[in-house]
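First the structure, in the form of structure tokens, and then the observations on it.
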Amino acid sequence: MNKFFAKKSSIISFIFIPIIFLWHPNWLGFLGVQPYWPLFWLLPWSMINGSINGLIFGLFLGLILDSLTLDDSFTQIPGLVCCGFLFGRIKFHSSILVGHFRYGLVCSFGSFLCGTLYFLQILFRNFSDSNSLMLIPSVKNILAEVFLTGFFAPFICSKLLKMFKFSKGKSQ
Amino acid sequence: MLGIRRISTNRWWHKKKNWIFFAIFLLLVFVRISKGSIYKDFYYFISKPFWPGQFQKEIILESIDQEYLIKLNLLKKDNLRLRQILSFQESTSTENISAAVISRKTGSWWRQIILNKGSRDGVEIGNIVIGPGGLLGTVKDTSLFTSSVTLITSPESKLGVWVDRIQINGLLVGLGDDYPNLILYSKDADIKVGDFVSSSPASTLLPPNIPIGIVQSIDETLKSKKTAKISLLAKPHVIDWVQILKVSI
């Protein structure tokens, strides 16, 4: 049983992303905004399994998370697919410490990309209403999300990366 | 002749006791003139520990609550009767369902809550969700055990509302922050900060007269319309229990 969990830890942890996304723990938030949870999983997965795998799982994550949110007009898929593809091109760094901080920066960039793509969809949809008032809360959302994702990424990504490497080694 | 004169030491003002009486007399005169203010203030301090405490306050508040509830029910009946007389649109409330909030996304892009009652409990898409304070949103999606509610702060939300003081309809649009925007398509509308906003009697989505919020600030820069930020009465980020109104409008 333990062997099974060790082998499949990456897939099992994948199941927990939507749960954390729904749980939305307020005590981890900043200005009411949460870190962008799927990136924490997508970064180590793409780094280990490559761009194409990252792209596919970015799509899967987007599909699941879109099903959990009620905004039919907007989708998280483009951001996650781009991030999955880009993260797959990142090489491991020899220095552990630099690697840790790099996860933070990469995830911050990913969160910025996803947030901006989502915001552009909202802007495009509400373009006819010329609703420029949406600009300030949206920028606030993006910045808070970028900060939080970058802050938590070194802790979570390095753990997940270790776990995924271990499970890959076991399964081979 | 001189020998029988009273000696000065026997004068009344030489007696200490008399001076004490005189001082008390003066004090009482002062108390009388000041209408007992010193006495009352003194009483204020010594009676302070025996004032009605928290317990008594709760009893009184409970009584006030009951009084308000009775008044509210009477007013509701009156309102229904008057609406029938005027042939206004009326809401026929069949049943309310209490539900707990099991997931809350109120601060980010997504403004939604998930409740622990679903289609199994009779919740339907389009049902109205209210919390302590007033309107929270509408049920957008149901599963067997849960229902997802789009909050009125969501950019997806657009509702017809009513500003009671100036008797005008407006459109409440969520902006993705905590303060939805009220749009009045009339430049002359005399809206003021503090005006009360409720659901519109003309709305086809909501039953009338559900409290929504209070005007917090007004923006008059636009040429053809007035917009105002609304502070919601029901706070979705802290509410744990809500009521789902099964209404047919």
Top mean-square fluctuation among B:Ile64, B:Ile46, B:Ile114, Gaussian network model of chain B, C-alpha springs under 10 Å?
B:Ile46
What's the Cα-based Rg to Rh of the protein assembly as shown, Rh via Kirkwood?
1.28
Straight distance only, please: which lysines reach the Cα of A:Lys140 with their own Cα at less than 17 Å, same-chain residues fewer than 8 apart left out?
B:Lys105
Connecting C-alpha atoms closer than 10 Å in a GNM of chain B, tell me which of B:Thr150, B:Thr142, B:Thr221 has the biggest fluctuation.
B:Thr221
How compact is chain B by the rule of thumb for globular proteins, expressed as Cα Rg over 2.2 N^0.38 Å?
1.83
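Stretched out fully, how many nm does the piece from B:Asn209 to B:Trp12 gain, at 0.36 nm a residue minus the Cα gap?
Working: separation 197, 0.36 × 197 = 70.92 nm, distance 8.19 nm.
Stretched fully, the B:Asn209-B:Trp12 segment lengthens by 62.7 nm.
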Segment A:Lys168-A:Thr116, extension gain: residue separation times 0.36 nm, minus the distance between their alpha carbons
15.4 nm
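As an exercise, use a Förster radius of 41 Å and the Cβ-Cβ distance of B:Leu171 and B:Leu74 to find the FRET efficiency, rounded to the nearest 0.05.
Values: r = 33 Å, r/R0 = 0.79.
The pair B:Leu171/B:Leu74 has a calculated efficiency of 0.80.
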For the range B:168-181, 3J(HN,Hα) per residue [Karplus equation, 6.51 cos²θ - 1.76 cosθ + 1.60, θ = phi - 60°, Hz, x = Gly/Pro]
9, 8, x, 10, 9, 10, x, 10, x, 10, 7, 10, x, 9
Against the longest alpha carbon principal axis of chain A, how many degrees, from 0 to 90 and to the nearest 10, is the axis of helix A:77-87 turned?
40
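Treating only the Cβ atoms of Lys and Arg (+1) and Asp and Glu (-1) as charged, compute the dipole magnitude of the range A:36-171 about its Cα centre; round to the nearest 20 debye.
Working: 10 positive and 5 negative charges, 173 e Å.
Dipole about the Cα centre, nearest 20: 840 debye.
Using only C-alpha atoms and all pairs of different ones, pull out the Kirkwood radius for the range A:36-171 in Å with one decimal. The partial results should precede the final answer.
Details: mean 1/r = 0.0647 Å⁻¹.
Result for the range A:36-171, one decimal place: 15.5 Å.
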Please give the calculated 222 nm ellipticity per residue for chain B, where each DSSP H segment of at least 4 residues contributes -39500 (n - 2.57) and the sum is spread over every residue; nearest 500 deg cm²/dmol?
-8500 deg cm²/dmol
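Find the relative contact order for chain A and round it to a whole percent, using C-alpha pairs within less than 8 Å whose residues are 6+ positions apart. List each step's numbers first, then the result.
On the way: 224 pairs, mean separation 53.9, N = 172.
The normalised contact order for chain A reaches 31 percent.
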Do the alpha carbons of any pairs in B:Lys76/B:Lys235; B:Lys76/B:Lys225; B:Lys17/B:Lys40; B:Lys140/B:Lys223; A:Lys168/B:Lys140; B:Lys76/B:Lys229 sit beyond 32 Å of each other, and which pairs?
B:Lys76/B:Lys225; B:Lys140/B:Lys223; A:Lys168/B:Lys140
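Only Lys, Arg, Asp and Glu count, each charged at its Cβ (+1, +1, -1, -1), so figure out the dipole size of the protein assembly as shown about its Cα centre, rounded to 20 debye. Kindly include the intermediate steps, with their values, before the conclusion.
Values: 45 positive and 26 negative charges, 474 e Å.
For this selection, approximately 2280 debye.
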Among B:Gly107, B:Pro155, B:Trp13, whose Cα sits farthest toward the positive end of the charge dipole of chain B (+1 at Cβ of Lys/Arg, -1 at Cβ of Asp/Glu, about the Cα centre)?
B:Trp13
Which residues' amide hydrogens lie under 5 Å from the amide hydrogen of B:Ser157, considering only partners 5 or more residues apart or on another chain, with H built in the peptide plane?
B:Gly174
For a quick check, take a GNM of chain A with Cα springs below 10 Å and name the residue from A:Pro25, A:Pro38, A:Pro78 with the largest mean-square fluctuation.
A:Pro25
Starting from the Cα of B:Arg81, step 7 Å along the direction of its Cβ; do the same at A:Phe92; then give the gap between the two resulting points in nm.
8.1
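Any read-out appearing in this document is the output of simple, stated calculations on the displayed coordinates, not a laboratory observation. This structure is a prediction, so every number in the text was calculated from the model and none was measured. Counting neighbours? That spans all protein chains shown, and the Cβs are built from the backbone with ideal geometry, glycine included.
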